[in-house]
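Comments concern the structure below.
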């Protein structure tokens, strides 16, 4: 074993016998570009609606009944609009978190509508906690207090938004749970 490690170390640490250093550097550069392109392509593919719906067709039907899907202005949110931050570093962190969700679907923890419904409250709490921790970053990609016309809102919405803006301790998810998906069974949950 020791001899094998030494042999590989000699190959890695010694200069190339057949190729110039420039060729190796150029090859590394080209491979880096190819890797980066493949990585970004995969990242963008996992942000598409067809990718999300391939596992979450049951909750996609819920989204289709909300203002985020059909509205008077024609602006439509897709899954990644609300579940993936737009900034690159935040997006990478969220994708790493989401890999656990993909794994849960692959191993069969939430692969049927019945299993999903059984875990819906837990999954919702995870998402609400995540949004609370990041100050509803995904919501704020589209909705900013500073751009809201409070006078065009209902009296209740105007009062709640202006109070939240003034206090600074509320975030979107504090009041807007169930905005794009039906709420899970909240029986026995305090605060609801």
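Just one of 13, 73 is free of Cβ contacts under 8 Å to residues at least 12 places away in the same chain, within 31 Å of the chain's Cα centre (by Cα) and over 27 Å from residue 95 (Cα atoms); which is it?
The conditions single out 73.
Out of the residues in segment 124-138 that are touching a residue at least 40 places away in the same chain (Cβ under 8 Å) and in a helix (DSSP H, G or I), state the one that is nearest to residue 185 (Cα to Cα).
Looking at the filtered set, the residue picked out is 124.
Filter segment 151-192 for residues that are surrounded by 13 or more Cβ atoms within 10 Å (Cβ to Cβ) and more than 28 Å from residue 121 (Cβ to Cβ); which is modelled with the lowest pLDDT?
165
What number goes with the only condition from (1) part of a loop (DSSP other than H, G, I, E, B); (2) within 30 Å of residue 107 (Cα to Cα) that residue 50 does not pass?
(1)
Can you find, within segment 57-68, the residue that is surrounded by the most Cβ atoms within 10 Å (Cβ to Cβ) among those that are touching a residue at least 40 places away in the same chain (Cβ under 8 Å) and touching a helix residue (DSSP H, G or I) at 6+ places or on another chain (Cβ under 8 Å)?
Ranking the candidates gives 63 first.
The values are calculated or read from the model by the stated rules, or taken from the named source; none is laboratory data. Quick caveat, the model's predicted, so the values are computed rather than measured. Using ideal geometry, Cβ is built from the backbone for each residue, glycine included, and neighbour counts are taken over all protein chains shown.
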